[in-house]
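The values are calculated or read from the model by the stated rules, or taken from the named source; none is laboratory data. Everything numeric in this text was worked out from a predicted model, so none of it was measured. Here the Cβ positions follow ideal geometry from the backbone for every residue, glycine too, while neighbour counts run over all protein chains shown.
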Amino acid sequence: MIPEHLKYTTTHEWFLWDKKAVTIGLSKFIVDELDDLLFLDLPKVGDEILSGISFGELEALNKLIDITSPMAGEIIAVNERLYENLNILSSDPYHHGWLVKFVTTETHLLNDLLDAKEYRTHLSKLQFTAAPRQRKRYAKSIKKKRRK
């Protein structure tokens, strides 16, 4: 389920503006794509984040992802609970699994982000393009078994 009230990026971050600050998290899609979350690196309260520049990383057994924002701002809160239990990201990415909150003068850029419907369309395109590759790999493994 993709919450309708959030905005999304094509790199799977979600954004919520409550008229005071912007909250950033990661979508369930990207969290589900990661096996065994190992490490999370986020900025500290008071740190600046820059538009389009990685401000954090999430490392899993199979992948390392950079966390970015299309807006610059100053961090006002960090979800410290995630350092104690990364599984919160997997179990509740849209509520308790938020990453950071920041203040910005660039909230107008939220209008350029994807709404829930556009994000669903983006995900369906990703899944559609990934499917043929999986079938090819499967087909190759069958051919190898037949030769034996």
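Residues of the stretch 89-98 that are within 16 Å of residue 57 (Cα to Cα) and not in a loop (DSSP other than H, G, I, E, B): 89, 90. Could you tell me which residue of the stretch 39-97 is farthest from residue 15 (Cα to Cα), considering only residues that are of a type in the set (Phe, Trp, Tyr) and in contact with a strand residue (DSSP E or B) (Cβ under 6 Å, 6 or more places away or on another chain)? Residue satisfying both the conditions and the ranking: 39. Checking each residue in the stretch 34-46 for being more than 14 Å from residue 68 (Cα to Cα) and in a loop (DSSP other than H, G, I, E, B) picks out 34, 35, 36, 44, 45, 46.
You will find that of 101, 63, the residue that is surrounded by 10 or more Cβ atoms within 10 Å (Cβ to Cβ), among the basic types (Lys, Arg) and at pLDDT below 95 is 63 and no other.
Could you list all residues from the stretch 1-33 that are assigned to a strand (DSSP E or B), out of contact with any His (no Cβ under 8 Å at 6 or more places or on another chain) and hydroxyl-bearing (Ser, Thr, Tyr)?
Of everything in the stretch 1-33, just one residue is assigned to a strand (DSSP E or B), out of contact with any His (no Cβ under 8 Å at 6 or more places or on another chain) and hydroxyl-bearing (Ser, Thr, Tyr), namely 23.
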